[in-house]
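Bear in mind that the values in this text are calculations on the coordinates, not laboratory data. Computed from a predicted structure; not experimentally measured. Backbone-built Cβ (ideal geometry, glycine too); neighbour counts: all protein chains shown.
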Amino acid sequence: MKSILFTTCYLDNLIANDELDKKNVDFKDSEFDDPDYWAADLIYAAVNSGLVEEKHRFYPNDEVTRAEFVKLLIETYFRVTDQQVEECDENTDVPYIDVDKDDWFCGYVLAAKELGIAKGYKDANDHLRFNPNKNLTRADAAIMLWNYYVTTTGKSFSEDEPVKIPR
């Protein structure tokens, strides 16, 4: 979650709109018993902004799936652009063999594909797969975050002309 909050500048957006709220959320996970838990303020800000659902447990040390990461990334994009994710229904064309129209992540995966943030993989039988329940790898995260950057800024990378970082 930290990578999404910082890379997408979502926290900057909350601060700019005076919406940053780091009040404690009553999670039952033992990590939140420590007043110095490093991720607490980031998680509280995400929950208090509505980006993450408030539940009894957060499970901060669990691995994140590709579907969960895409949900956070697309939810962030749609909040900043004041849009909503379209839910899948019986008329939705789902190009992925491993994503069903009734999956909770269906609309997020299709939005990610449409925006060019996450496209999926062709399997040995030439079927398009998203691998929604696969644990997110660092490579997956890096690619999706880069694609998010390109989508939101219109900039891209060229080996002939690398991205110039302002100083």
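Would you tally the residues in the stretch 104-135 being assigned to a loop (DSSP other than H, G, I, E, B) and closer than 22 Å to E90 by Cβ?
Within the stretch 104-135, residues that are assigned to a loop (DSSP other than H, G, I, E, B) and closer than 22 Å to E90 by Cβ number 6.
Between E53, E90, which is more than 30 Å from E31 (Cα to Cα) and exposed (fewer than 12 other Cβ atoms within 10 Å of the Cβ)?
One residue alone meets the criteria, E90.
Output the residues belonging to the stretch 103-162 that are buried (at least 16 other Cβ atoms within 10 Å of the Cβ), among the aromatic types (F, W, Y) and out of contact with any Ser or Thr (no Cβ under 9 Å at 6 or more places or on another chain).
If the condition is that a residue be buried (at least 16 other Cβ atoms within 10 Å of the Cβ), among the aromatic types (F, W, Y) and out of contact with any Ser or Thr (no Cβ under 9 Å at 6 or more places or on another chain), then Y108, F130 are the ones that fit.
Can you pull out every residue in the stretch 121-148 that is within 17 Å of V64 (Cα to Cα) and either acidic (D, E) or touching a strand residue (DSSP E or B) at 6+ places or on another chain (Cβ under 7 Å) (or both)?
Matches in the stretch 121-148: N131, P132, N133, K134, N135, L136, D140.
Going through the stretch 1-50 one residue at a time, which ones are touching a Leu at 6+ places or on another chain (Cβ under 6 Å) and exposed (fewer than 15 other Cβ atoms within 10 Å of the Cβ)?
Selection gives K2 alone.
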